[in-house]
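Below is one structure, written out as structure tokens, with a few remarks after it.
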Amino acid sequence: MGNSQFDGNVNGFYDNLAVYNDKPGVRKLMQYLSTAPAQQIWADDGGTLGGIKSLTYKDPIFQRAAEVANSAKNLLVTAGDFMPSDMRNAFWKSLLDVTRDPGSLDSVLKHLDAVQAAAYKAA
């Protein structure tokens with residue numbers, strides 16, 4: 001199989017922080033959270049990767065996940081991360097439903113259309 005334009009891309013997700021009140025203390029906190037020592041606290045606690053490539057991980061699964069993420073050509077963010085909560089929940093459930101039963105695609109898409117109409121109307 002030949003090389004593809006998609007070779008080296010890794011799909012993932014991320015958490016983000018946002019500032020709503022531009023105050024000196026908030027700026028200092030955000031600056032600290034972007035440092036390796038702050039992100040290492042999260043890495044040591046487990047369950048997540050940090051955004052800094054030099055972090056270390058105790059759990060072998062996260063060690064390998066960091067290797068994959070750090071060597072990726074591009075990290076691709078899934079659409080679900082930016083959806084209103086009702087839509088995001090239905091989106092993730094739909095992926096599992098269609099994986100378990102590919103024949104359910106039409107009904108799952110119809111359900112997603114209904115959730116989308118309500119979720120984005122309310123957003």
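Within segment 39-75, restricting attention to residues that are among the hydrophobic types (A, V, I, L, M, F, W, C) and touching a residue at least 24 places away in the same chain (Cβ under 8 Å), which residue is most open to solvent (accessible area, probe 1.4 Å)? Even if it seems obvious, please write down each step before you answer.
To start, the set of residues in segment 39-75 that are among the hydrophobic types (A, V, I, L, M, F, W, C) comprises 41-43, 49, 52, 55, 61-62, 65-66, 68-69, 72, 75.
Keeping just the survivors that are touching a residue at least 24 places away in the same chain (Cβ under 8 Å) gives 68-69, 72, 75.
On the way: V68: 52, A69: 24, A72: 25, L75: 111 Å².
Within segment 39-75, the match that is most open to solvent (accessible area, probe 1.4 Å) is L75.
Which residue is nearest to L17 (Cα to Cα), if the candidates are limited to segment 76-107 and must be open to solvent by 40 Å² or more (accessible area, probe 1.4 Å) and touching a residue at least 40 places away in the same chain (Cβ under 8 Å)?
D81
Considering only segment 29-38, state which residues are open to solvent by less than 50 Å² (accessible area, probe 1.4 Å) and small (G, A, S). Talk me through it step by step, then tell me what you get.
Quick first cut of segment 29-38, residues open to solvent by less than 50 Å² (accessible area, probe 1.4 Å) only: 33, 35-36, 38.
Residues satisfying the conditions are A36, A38.
Which of (1) more than 22 Å from F82 (Cα to Cα); (2) not in a helix (DSSP H, G or I) is the odd one out, the single condition G47 does not satisfy?
So the condition that G47 fails would be (1).
From the list F62, F91, pick out the single residue that is in a helix (DSSP H, G or I), in contact with a helix residue (DSSP H, G or I) (Cβ under 6 Å, 6 or more places away or on another chain) and not charged (D, E, K, R).
Being in a helix (DSSP H, G or I), in contact with a helix residue (DSSP H, G or I) (Cβ under 6 Å, 6 or more places away or on another chain) and not charged (D, E, K, R) holds for just one of F62, F91, which is F91.
Could you tell me whether segment 70-77 includes any residue that is assigned to a helix (DSSP H, G or I) and of a type outside the set (S, T, N, Q)? Working first, answer last.
Looking only at segment 70-77, we keep the residues that are assigned to a helix (DSSP H, G or I), and these are 70-71.
Within this subset, residues satisfying the condition of being of a type outside the set (S, T, N, Q) are none.
Within segment 70-77, not a single residue is assigned to a helix (DSSP H, G or I) and of a type outside the set (S, T, N, Q).
Among N16, N21, which is polar (S, T, N, Q), at pLDDT 85 or above and outside any helix (DSSP H, G or I)?
After ruling out the rest, the residue left standing is N21.
The values are calculated or read from the model by the stated rules, or taken from the named source; none is laboratory data. From a predicted model like this one, the values you see are computed outputs, not experimental measurements. Heads up, the Cβs are rebuilt from the backbone with ideal geometry, glycines too, and the neighbour counts pull from every protein chain shown. To get the accessible areas, we keep the full protein, side chains included, count just its heavy atoms, and leave off ligands, DNA and RNA. Shrake-Rupley method; radii C 1.70, N 1.55, O 1.52, S 1.80 Å.
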